[in-house]
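A short worksheet on the structure shown next.
The values are calculated or read from the model by the stated rules, or taken from the named source; none is laboratory data. Note that the coordinates shown come from a computational prediction; the quantities given were computed from them, not determined experimentally. Heads up, the Cβs are rebuilt from the backbone with ideal geometry, glycines too, and the neighbour counts pull from every protein chain shown.
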Amino acid sequence: MTSPLAITTIDCRLGDATELFRSLRDKLSPRGDVVSEAGRQRTMELFGEPLSPREVVRRICDDVRSRGLDAVLHYTSKLDRRDLTAESMRVTPEELASAATKASPEFLAAIRQIRDNISEFQRAVLPRDARVSRSVGGGKVELRQRCLPMKRVGICVPGGAAAYPSTVLMTAVPAMTAGVREIAIVVPPTDFGGYNVDMLATCHEIGVTEVYRVGGAQAVAALAYGVAGIPRVDKIVGPGNLFVALAKQHVFGDVDIDSIAGPSEVIVLADETARPEFVAADLISQAEHSPGSGVLITWHEPLIAAVQRELEKQLAQLKRGDLARQSLTDYGALILTRSETEAAELTDQLAPEHLHISMDAPERMLSQIQNAGAIFLGHYTPVALGDYIAGPSHVLPTGGTARFANGLAATDFLKRSSVIQYDAAALSADADSVRLMAEKEGLTAHSASVDIRLQDFANGSSPL
C-alpha cells in the first residue's frame, strides 16, 4: 500500500521561512557532487575508481578532445551498451523519411501546428538592425548594430526515460527562425532516442537532416570540439541529465551554451478562486519529470489541505504517480504566507523555471514578480501549454537562475556586431576626448592612432 504523501508544509505565520527556502533552492541547484550507488558502480567499471560526476565529465571530454571519434564510440559502447560505427551513428536520410511515413497523420499535423506557433512567436521577438546617425563638428558619424545568425548549432535531446519530440521543436525551430543553416541534433542511441519513430519523424517534418545517435558527455564534447563526421558547432543548447549539464559547463568557452539545467520546477501562486484539482495537477505535471519540483504558495489557508487531498487522489491514478510522489517528497512544498506581498517576495527568492499565477486577476500579481522563466496567467493556462504548443521555447532557466537568465529564444542564435564609421571631420571633433581618456589610462598608442590621421589638420589643410 502506498504511504501518504510526505510533502513539506510551511506556515510563514509561525516564523521566518528563509532557511527552509534556501534548503529547497539548494536541492534544486545542480551541484554535480552527488551520485547514486548504481552510478558509482558504473564509474568503477569504466575508470577503476569512484569519481564524482564532475570528474567523470572532465575525463570523457578530455578524451574526446584528444582521441576524437574513437573516444565517442568507446563511451557510447560502455555507457549506452550500443556498439556503433561512424556510419551507423548518423541517422540516414532514408531512416528519417521512413520514420515520417510510420508516424501517424495526427501526430505530424500536430508537429506542423506547433512548428508554426513557435515560428510565429520567435519571428516577433527577433531584433531589427539598429542605426544611429550623428553630426559632429560638421562631420558625420554612422553607428549600426548588425545581427547575423550563427552558422552552426548543436542540440541535445534527451532519450533515456522517454521520447521528447517537443524538445526538437522548442530548440530547432527558434534556431531556424533566427536563420541558422546547420543544425546538428545529438540524441542517445535508445528506443526513446535515436531509434524512436516520433522523434525522427519530427526532425524530418521540420527539415532537420543531421541527427546523431550519441548522448551524454561524449555527445557534448563531440559537438564542442568536432570529431570525424561531426563538425564542431558554435553553440550547444538543449536539456539533459546531470552529466550533460556538467559537460556543457565544461566546454563553455570553446562554444557558447544556453544554460546549466537542473530539475524541472513550478511554483503555483494561488488565491481563494483557485480550484484545488487544477493546482494539484500543475504540481504533479512538473514532479513527474522525476526529478521535478512542485511548490504551492498561497495566502488562502483552506487551499493547503484541499490541494493535499487532491494530490493524494491524482497521484494514485497516474501512471508515473510513484515517481511524481517521490519528487514532491524530495523537492515539493505547500507554503502558506501572510499576504500576497509576502507570496510575491518568496517567489522572487526561488526564481522558478515556471510560474503559474492561478488567480482571477493574475495581472495584479504579475506586476509584483520579476524572477521567473515562463509565467502562466489564470486558471485555464496550465504549464503544459508552454511545454508543448504555445510558442515560447520550453527551454528555461532552472535552479534559481531566472534571477539573471532567460528562456531560449531565436535571439540566442544571433551574433550582434557594432559597426562604426567616422569621416575625417567627425574624427577631428572627437579627438580631444579620445586623447584625454587615453592619457588618463596611460594608453598613448590609442591617442597616437588618432593623431596620425589628423596630421593634415595640424598643417592647416583638410584631410581627404
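Scanning region 350-365 for residues that are buried (at least 17 other Cβ atoms within 10 Å of the Cβ) and either touching a helix residue (DSSP H, G or I) at 6+ places or on another chain (Cβ under 9 Å) or of a type in the set (A, V, I, L, M) (or both) yields LEU350, ALA351, PRO352, GLU353, HIS354, LEU355, HIS356, ILE357, SER358, MET359, MET365. For region 374-388, the condition holds for no residue, the condition being that it is closer than 18 Å to ILE7 by Cα and either surrounded by fewer than 17 Cβ atoms within 10 Å (Cβ to Cβ) or of a type in the set (Lys, Arg) (or both).
Screening ALA162 on (1) out of contact with any Asp or Glu (no Cβ under 6 Å at 6 or more places or on another chain); (2) of a type in the set (A, V, I, L, M); (3) in a strand (DSSP E or B) shows it passes everything except condition (3). Among residues of region 414-443 being loosely packed, with under 12 Cβ neighbours inside 10 Å and more than 18 Å from ARG144 (Cα to Cα), the one that is nearest to the chain's Cα centre (by Cα) is GLU441. Comparison of ASP330, ASP348, ASP360 shows that the only residue that is assigned by TED's automatic domain parsing to the domain that holds SER23 and under 17 Å from HIS289 (Cβ atoms) is ASP330. None of ALA184, ALA172, ALA178, ALA217 is surrounded by 20 or more Cβ atoms within 10 Å (Cβ to Cβ), more than 27 Å from GLN113 (Cα to Cα) and modelled with pLDDT of 95 or more except ALA217. Scan region 158-166 and tell me whether some residue there is in the same structural domain as GLU210 (by TED's automatic domain parsing), surrounded by fewer than 14 Cβ atoms within 10 Å (Cβ to Cβ) and at pLDDT 95 or above. No - not one qualifying residue is present in region 158-166.
Filtering SER259, SER264, SER293, SER327 for residues that are touching a residue at least 24 places away in the same chain (Cβ under 8 Å), buried (at least 20 other Cβ atoms within 10 Å of the Cβ) and more than 21 Å from ARG22 (Cβ to Cβ) leaves a single hit, SER259.
Filtering region 330-370 to residues that are in contact with a Phe, Trp or Tyr (Cβ under 7 Å, 6 or more places away or on another chain) and among the polar types (S, T, N, Q) leaves THR337, SER339, GLN349, SER358.
Within region 296-354, can you find the residues that are in a helix (DSSP H, G or I) and in contact with a Cys (Cβ under 7 Å, 6 or more places away or on another chain)?
Of everything in region 296-354, just one residue is in a helix (DSSP H, G or I) and in contact with a Cys (Cβ under 7 Å, 6 or more places away or on another chain), namely GLU342.
Residues of region 373-395 being under 20 Å from PRO174 (Cα atoms), of a type in the set (A, V, I, L, M) and free of Cβ contacts under 8 Å to residues at least 60 places away in the same chain, which ones? Listed by number, the residues that qualify are ALA374, ILE375, LEU385. Given VAL268, VAL237, which one is under 22 Å from ARG403 (Cβ atoms), in the same structural domain as GLY378 (by TED's automatic domain parsing) and at pLDDT 95 or above? Of the residues listed, the single one that is under 22 Å from ARG403 (Cβ atoms), in the same structural domain as GLY378 (by TED's automatic domain parsing) and at pLDDT 95 or above is VAL268.
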